[in-house]
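All of the numbers you see were taken from the coordinates with simple rules; none came from a lab. Computed from a predicted structure; not experimentally measured. Glycine also receives a Cβ, built like all others from the backbone with ideal geometry; neighbour counts cover every protein chain displayed.
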Amino acid sequence: MTALYHVQLQLERKSEPSRVPSEIVLQGRVVRVFRGDGRLGPGDRVAFKLWVCQPGDEPTGPAFIYYGPFMQATHVEAYLHGKPPDCELAGYEFAVISAPSEQPSMTVGQLQELAGMVLAPTKRSPF
């Protein structure tokens, strides 16, 4: 995993996107740091880009969140890289969480396992 940071964020007040689908900048304050280099700590601001869309309008490539969950979200957990406060999602890995927790909801092992399932070769049917 190449993420420099693994954090939980409390989202700042967000305005409704001007149109959906669209790219937005998600902003929040760090609540928990599970991985870092000391440059990011609780209370620091972080921002990263994310697409907001409706089911059926998913973009090909960038990380996205559906409009409903986006509007209801108060906290997220994310793997990030970049120079705070301007960051980018690492491997598009983020999750909406109900509240901060002492333990991460996304572990490196789970992400590696998921990547292995996605990248594992599949047998093709001769039919």
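Residue-wise HN-Hα couplings along segment 98-109, as the Karplus relation 6.51 cos²θ - 1.76 cosθ + 1.60 with θ = phi - 60° gives them from phi, are 6, 6, x, 9, 6, 10, x, 7, 10, 9, 4, x Hz; Gly and Pro carry x.
For the pair Lys14 and Arg35, the difference between a 0.36 nm per residue extended length and the Cα-Cα distance amounts to 5.0 nm.
Expressed in units of 2.2 N^0.38 Å, where N is the residue count, the Cα radius of gyration of segment 23-71 is 1.41.
If you bin all the Cα-Cα distances of the chain at 5 Å, starting from zero, the percentages per bin are 2, 10, 20, 21, 19, 13, 7, 3, 2, 1, 1, 0.
Residue exposure proxy: Tyr79, Tyr92, Tyr5, ordered by other Cβ atoms within 10 angstrom of their Cβ from fewest to most, comes out as Tyr92, Tyr5, Tyr79.
Each residue of segment 84-97 was assigned a 3J(HN,Hα) from its phi angle through the Karplus expression (A = 6.51, B = -1.76, C = 1.60, θ = phi - 60°), giving x, x, 8, 10, 9, 5, 8, x, 6, 8, 8, 8, 6, 10 Hz with x at Gly and Pro.
For the pair Tyr92 and Asp57, the difference between a 0.36 nm per residue extended length and the Cα-Cα distance amounts to 10.9 nm. Distant-in-sequence amide contacts of Asp44, defined by a placed amide H-H separation under 5 Å and a gap of 5 or more residues or a different chain, comprise Val30.
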